[in-house]
1. Out of region 1-75, which trypsin sites (Lys or Arg not before Pro) are coil in DSSP terms and have no more than 11 other C-beta atoms within 10 Å?
2. Helix-derived [θ] at 222 nm for the chain: sum -39500 (n - 2.57) over DSSP H runs of at least 4, divide by residue count, nearest 500?
3. Run the simple label-point estimate for residue 81 and residue 56 please: 7 Å along Cα→C-beta, distance reported in nm.
4. Can you list the equivalent-ellipsoid semi-axes of the chain, largest first and in whole Å, using the square root of 5 times each Cα gyration tensor eigenvalue?
5. Using label points projected 7 Å from each Cα along Cα→Cβ, tell me how many nm separate residue 66 and residue 14, to one decimal.
Amino acid sequence: METAVEKLEAQLKLWGAKIHRLAAKTEKAGVQAGFEELIYIDELKALHAIAQSKFDEFRTAGDTERTRLEAELKSAWEELDAALKDPTP
């Protein structure tokens with residue numbers, strides 16, 4: 001059975017792959033991506049990096065640190081999730 005940490009890790013990987021696919025669409029030959037699209041992808045990449053960093057910190061933290069880090073991880077997680085659900089720049 002997957003632990004909560006493993007589920008978080010799997011979700012981050014899925015989000016990373018989705019962001020990569022979105023970025024690849026803007027890099028295809030003959031595709032003129034708009035400025036807003038490029039900014040959106042950059043924002044997603046930044047939010048993913050922040051969420052990944054918070055997750056890595058949470059995963060390696062001891063029990064007392066995890067309580068403090070949990071709120072930070074949740075906030076980063078929710079920001080990335082919301083940005084992925086609403087692609088309007």
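1. Numbers: sites: 7, 13, 18, 21, 25, 28, 45, 54, 59, 66, 68, 74; in loops: 28.
Answer in residue order: 28.
2. Details: 3 runs with 72 residues, N = 89.
Using -39500 (n - 2.57) per qualifying helix, the result is -28500 deg cm²/dmol.
3. Roughly 2.3 nm, to one decimal.
4. Values: eigenvalues 173, 34, 18 Å².
In descending order the semi-axes read 29, 13, 10 Å.
5. Calculated label separation equals 2.2 nm.
All of the numbers you see were taken from the coordinates with simple rules; none came from a lab. Because the structure is predicted, anything quoted here is derived from the model rather than measured. In this analysis, Cβ positions are derived from the backbone assuming ideal geometry, glycine residues included, and neighbour counts consider all displayed protein chains.
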